Amino acid sequence: MPAMDVETLLREAGAYLPPEKLEFIRSAYEFAAKAHEGQLRASGEPYLEHPLNVSLTLVEYQLDAESIAAALLHDVIEDCDISQERISACFGSEVASLVDGVTTLKRLANRSEEKEIDSKAQAENLRKLLMATAEDLRVVLIKLADRLHNMRTLGALPLGRRRAIARQTLDVYAPLAHRLGLRRTKWQLEDLAFRYLEPKQYRRISRLIATKRAEREGFVGEAIRSLSEELHRQGVEARVLGRPKHIYSTYLKAKRYAEQGKSVGDIHDLFALRVLVDSVADCYKALGVVHNFWHPIIEEFNDYIANPKDNGYQSLHTTVLCNGTTPIEIQIRTHQMNQVATFGVAAHWHYKEGSRKDRAMDPRIAWLQELAERRDELDGEQFVESLKADVLTGQVFVYTPMGEIKDLPKGATPLDFAFRIHTDLGYRCIGAKVNGKLVQLNQPLNNGDVVEIVASKTERGPSLDWLNPELGYVRTSYAQSKVRQWFNKQERSQSIETGRQMLESGLKRLAVPLPGAEKLASKLGYGSPEDLYLAIGRGNITISQVAVKLSAELEPREKTIEVSAPKRVSPGSIRVLGVGDLYTRIANCCNPLPGEEIIGYITQGRGVTVHRRDCINVINESEKERLVAVDWGDVTQVYPVKLQIDAWDRTALLRDISAVIAEAGVNITDVGFTRDEGGMASLHVDVEVTGTSQLSNLVARIQSLWSVISVVRKGESFVREQVSK
C-alpha cells in the first residue's frame, strides 16, 4: 500500500469541509506526527501511516472535522505519553471524548505473539466500544475504519494473532458494518478476513473470479452499452455501471449452491449491473424498461424500496436473461439510495455546530440505545454473545395489530415479540395470534406477520419452560434476561426446591446418572447443593449445561494403556431385537461405533448389516420392512476410525499429535501426511477406539493443539472456532 500524506487527506476533505475545518484537521495531524515520531508498525512502515489511512476512510464517509481529528489522534493515549486532558485542552472535549471511545484497553503484559488474543479482554473492549457508540455513533465509525486498515496490514503479524483478529472481524465487525449499512466496508472486511481464515478457498475463489474477468468485462461492457441506449430511448436518464464481485460473498453463494447440487455457473449475479436514476418514480420506470428489454426471472425479484432492509438499504433487485441465455442481476436505485447503500448510517450522520440529529428518532441505531440499557446486566463475554444473537443476526419485520412495525432477530418467537413490546406483557403472555390464528408461543415469526399477544388479566409470571433452550420459547437474550430477572426475585427457598426438582427430572429425562449432591455441587464449582439448586431454579444454569459438565467433569480420566492388535466387530457385540440370533456385520458406508444410534438391515443370505440411524443409505431405503431394531451388547473391543487432521504445518506437528493420541490410550495403525504450497498440512490417521466417548475425548485433545484447524471423521466434522492458543 503506497504511503499517503496529509495533503491527500486535506484535498479529499476539502471537497465538503470549509477551510477553517481543514486547518483544524492539519493541527491534529501535526500533533499526532510529533506524538508518534520514531514509532514503527509491525509491517515496518511509520506508525503515522495508520491514523492517516483511518482518517481517509472517514473522509470517504464524509464525517465531520472532529471525527477526522479524533481518527488522527486515536492511538496517542495508548501508544504515546499523552493524556486525555491534554487532548481536550488542545482540541476540545468533543474530540477528547471520541478518542477515549476508540482507545483500546491496555495490551496484556508479556503476551507471546503466538498466543491467541485473550477473549475476555477483547469482549470487554468490544463492550466498551459499543457503550460509547450508544452515546456517539461516530465512535464505531472510527473503530470500523481502524479495523479496516489493520486488516489491510494484517500479514505482518504472527499466524495465531492473524487468525484470531480475522475471526473476530468476520464474526463481529463485518456484521456490525452491515447493520449500519456500510456495505463497502463490510465487503472489504469480509474479503480480508476470509483471506486469512480460509486461504485455500480464498485462492480458489480468487482464481475463479480472475479467470472469468475478461469474459465478464466484455459481456458487462456490452450489456451496459445496450441497456444505456434503451433507457435513453425510453426517456429515462440513468447511469449504468458494472457491479464488482466480492470474494467472500461469491464463496458463500458457491457453498450454498453446492449444497443444493448446483454449480458455480448457476450463480445469477456473477454478472451484475447497477442503474442509478434521479427519483423513485424513475426506479420503477427503469425496471419496466429492463423487463421489456430482457426476459425477467420473476422469482429473483425483490423490492427493497417499498420494503427497506433494517439498515436503511433501498434498491430494486431483479435478475434477467441477457441475450436470452445469460442471467445477469440488476440493481436499480436513486443516487441518494446509492450513497446510503455505500456509506449507510454515515451518509445520514452529519454533525453541524449547534445542532445534532436526534439519535432516538433513527431506527437504524435504535438497537444501540436498547443495548446501552443492559450494560449492567451482562459481563463482557455475555455482552458479546448477546450482541451476536440479537443484533448481528438476520432480521425479521413483524407488525402489531395497530400496524406498527417491529424488527426482531431471525428465529424470534411471539414471546420475544411480547417482551419487545413491554416486559410486563411478556410476563403475562398466555397465548398469541399470528395473522389472526392461534399459534404456539415457540413458533418462529416470519417477515410480514401480524402478531397479537393474548395476556392474562391477573398478575402472573413466566414459566420455567421458557428458559429451556431445547423448547425454543424465547430466542433473544433480552427476553431470556427478563425471564431470569423474574425468577431471581422469587423466594430463595422456592427457587432451591424448584431447582432440585428440575435437576432430578431433567437428568432423568436425559438419561444422565445423578451423582451425590455434595459431589455434584463441588464438581460444578458451587459451595453447596443448595447453591447449585438455587442457580438452576433461578435460570442461571440450565439442565443441559449441567449434563454437559457432568460428562466432562465426572467421566474418569483414561490411563495410558497398550492397545492390542486391531479387532473387528463380532456378532456377539450386537443384539438383534425381537428376531433371534442372526449373523451381523458392520456397514462400511457409515462405520457405526458403540454408543451411536444404530439400526439393522436384513440382507438375503448375509444376516443383518448394522448402520448408523442417520446413514444416507438407511434414510433412502425404500424397503422399510427390511429394517430391524438392534442395539449394542457388552462391547469390549476396539474399532477402527479414520481421522483427517488439517493444520498449519510447523515444527514437531506430527510429534505433538502422536503424543496426544498416545496419552489418550489410543492405538495408531496407519499415518499418511501431505503438505500443499500454502503451508497447509493434512494428516490421515487410522486409530482404534473403544467407542464414541473415547473418540470425542481424543478429538477434543487434538483440537486443543496449536495450529490445528480441523479434525474430521468420515461423516462427521469437529472444527475449532479458534485455531491458536
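The values are calculated or read from the model by the stated rules, or taken from the named source; none is laboratory data. A quick note: this is a predicted structure, and the numbers were derived from the prediction, not measured. Neighbour counts run over all protein chains shown; Cβ positions are idealised from the backbone, glycine included.
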Qualifying positions in segment 38-63 - touching a Ser or Thr at 6+ places or on another chain (Cβ under 6 Å) and polar (S, T, N, Q): Ser43
Filter result (β-branched (Val, Ile, Thr) and either over 16 Å from Asp424 (Cα atoms) or in contact with a Lys or Arg (Cβ under 8 Å, 6 or more places away or on another chain) (or both)) within segment 463-488: Thr476
Residue under evaluation Leu287, criteria (1) surrounded by 14 or more Cβ atoms within 10 Å (Cβ to Cβ); (2) farther than 20 Å from Met337 by Cα; (3) modelled with pLDDT of 80 or more, criterion not met: (2)
Which listed residue is out of contact with any Cys (no Cβ under 7 Å at 6 or more places or on another chain) and either at positive phi or not in a helix (DSSP H, G or I) (or both), from Leu58, Leu63, Leu98: Leu63
Where Phe194 falls short, out of the listed (1) buried (at least 19 other Cβ atoms within 10 Å of the Cβ); (2) at pLDDT below 85: (2)
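Check whether at least one residue in segment 11-21 is basic (Lys, Arg), under 30 Å from Val340 (Cα atoms) and surrounded by 17 or more Cβ atoms within 10 Å (Cβ to Cβ), and report yes or no.
Within segment 11-21 (the criterion being basic (Lys, Arg), under 30 Å from Val340 (Cα atoms) and surrounded by 17 or more Cβ atoms within 10 Å (Cβ to Cβ)), the answer is yes, since at least one residue qualifies.
Kindly evaluate Ala121 against the criterion of being within 21 Å of Arg179 (Cβ to Cβ) and modelled with pLDDT under 55.
No, not satisfied.
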Every pair of residues 6+ apart whose Cβ atoms lie under 6 Å, when the first sits in segment 510-539 and is surrounded by 17 or more Cβ atoms within 10 Å (Cβ to Cβ) and at pLDDT 80 or above while the second is assigned to a loop (DSSP other than H, G, I, E, B) and not aliphatic (A, V, I, L, M): Ala521/Ser528; Leu532/Tyr526
Given (1) within 21 Å of Asp5 (Cα to Cα); (2) more than 29 Å from the chain's Cα centre (by Cα); (3) touching a residue at least 40 places away in the same chain (Cβ under 8 Å), index of the condition Val54 fails: (2)
Among (1) touching a helix residue (DSSP H, G or I) at 6+ places or on another chain (Cβ under 6 Å); (2) part of a helix (DSSP H, G or I); (3) closer than 26 Å to Pro158 by Cβ - the single one Ser43 does not satisfy: (2)
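Being hydroxyl-bearing (Ser, Thr, Tyr), buried (at least 19 other Cβ atoms within 10 Å of the Cβ), modelled with pLDDT under 90 and under 21 Å from Leu148 (Cα atoms), is that true of even one residue in segment 36-44?
no
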Qualifying residue in segment 663-675 (condition: farther than 30 Å from Cys615 by Cβ and surrounded by fewer than 16 Cβ atoms within 10 Å (Cβ to Cβ)): yes
Unmet criterion (only one of (1) assigned by TED's automatic domain parsing to the domain that holds Trp706; (2) within 21 Å of Ser693 (Cβ to Cβ); (3) surrounded by fewer than 16 Cβ atoms within 10 Å (Cβ to Cβ); (4) at pLDDT 85 or above) for Arg613: (1)
Residue pairs meeting the criteria (Cβ under 6 Å; at least 6 apart or on separate chains; first more than 23 Å from Gln234 (Cβ to Cβ), in segment 293-315; second among the aliphatic types (A, V, I, L, M) and surrounded by 14 or more Cβ atoms within 10 Å (Cβ to Cβ)): Gly312/Val340; Tyr313/Ala341
Segment 299-328, subset touching a helix residue (DSSP H, G or I) at 6+ places or on another chain (Cβ under 8 Å) and among the β-branched types (Val, Ile, Thr), residue nearest to Gly181 (Cα to Cα): Ile305
Residue count, segment 139-180 (criterion: buried (at least 22 other Cβ atoms within 10 Å of the Cβ) and polar (S, T, N, Q)): 1
Any hit, segment 661-673, residues being in a loop (DSSP other than H, G, I, E, B), free of Cβ contacts under 8 Å to residues at least 40 places away in the same chain and of a type outside the set (Lys, Arg): no
From the options Ala15, Ala33, residue that is more than 18 Å from Arg152 (Cβ to Cβ), assigned to a helix (DSSP H, G or I) and either aromatic (Phe, Trp, Tyr) or more than 32 Å from the chain's Cα centre (by Cα) (or both): Ala33
